[in-house]
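Beneath this line is the structure, given in structure tokens, with notes to follow.
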Amino acid sequence: MAAALVDMSERARFDAIFEAEFAYLWTSLRRLGVQERDLEDLTHDVFLEVYRRIGTYDPARPIRPWLFAFAFRFASDYRRLARHRREVMGTEAEESDPLPSADRLLQMKQNQHLVERAIGKIDPDRQAVFILHELDETPMAEIAAALEIPVNTAYSRLRLAREEFREAVKRESRKEARP
């Protein structure tokens with residue numbers, strides 16, 4: 001009977017995490033280079049693993065770095081597959097926000113693609129630290145704990161990732177500027 005209560009408690013905790021963090025996990029996987037067509041399946045796979053390991057989660061710690069560690073590992077495995085190494089350009093649907101002008105929408109979309117391509121050029125280990133710190137605003141100690149690396153290593157990876165990101169933005173911008 002006690003085991004059933006523990007299982008129900010873990011199930012309720014998982015349900016709450018799923019409801020609250022689905023969009024975050026989806027966005028994290030997209031930022032880590034998972035193609036749009038595979039996001040639903042990979043998000044599902046990550047949540048299956050989260051469900052299996054919900055008993056190891058310490059509720060005293062923030063949930064997002066813990067979830068991001070799962071997303072990072074799954075995205076890394078995903079990118080290693082040969083079928084995911086090629087990027088197909090122009091497959092995303094156009095945004096339909098009526099407020100900004102067409103020129104502004106185009107510029108926003110180009111900037112978003114530029115940032116996504118630049119993030120994609122960062123070494124995967126450094127990319128995880130960069131996304132967690134710069135985009136998700138996660139404290140460095142939590143990043144180090146989630147990725148199971150020393151804090152100084154996390155800071156070093158962030159510094160290198162920033163350099164890689166700046167260089168990638170410059171390269172990608174020059175490519176776009178060419179006629």
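The values are calculated or read from the model by the stated rules, or taken from the named source; none is laboratory data. What you are looking at is a predicted structure, and each value in this text was computed from that prediction instead of being measured. Heads up, the Cβs are rebuilt from the backbone with ideal geometry, glycines too, and the neighbour counts pull from every protein chain shown.
Out of the residues in the range 116-145 that are of a type in the set (Asp, Glu), in contact with a helix residue (DSSP H, G or I) (Cβ under 7 Å, 6 or more places away or on another chain) and in contact (Cβ under 8 Å) with a residue 60 or more places away in the chain, state the one that is surrounded by the fewest Cβ atoms within 10 Å (Cβ to Cβ). Looking at residues that are of a type in the set (Asp, Glu), in contact with a helix residue (DSSP H, G or I) (Cβ under 7 Å, 6 or more places away or on another chain) and in contact (Cβ under 8 Å) with a residue 60 or more places away in the chain, I get ASP136. The selection criterion, being part of a loop (DSSP other than H, G, I, E, B) and either in the same structural domain as ASP77 (by TED's automatic domain parsing) or modelled with pLDDT of 95 or more (or both), does not hold for ARG11.
Restricted to helices (runs of 4 or more DSSP H) entirely inside the range 35-120, those with at least 2 residues that are at pLDDT 90 or above are 36-52, 63-80.
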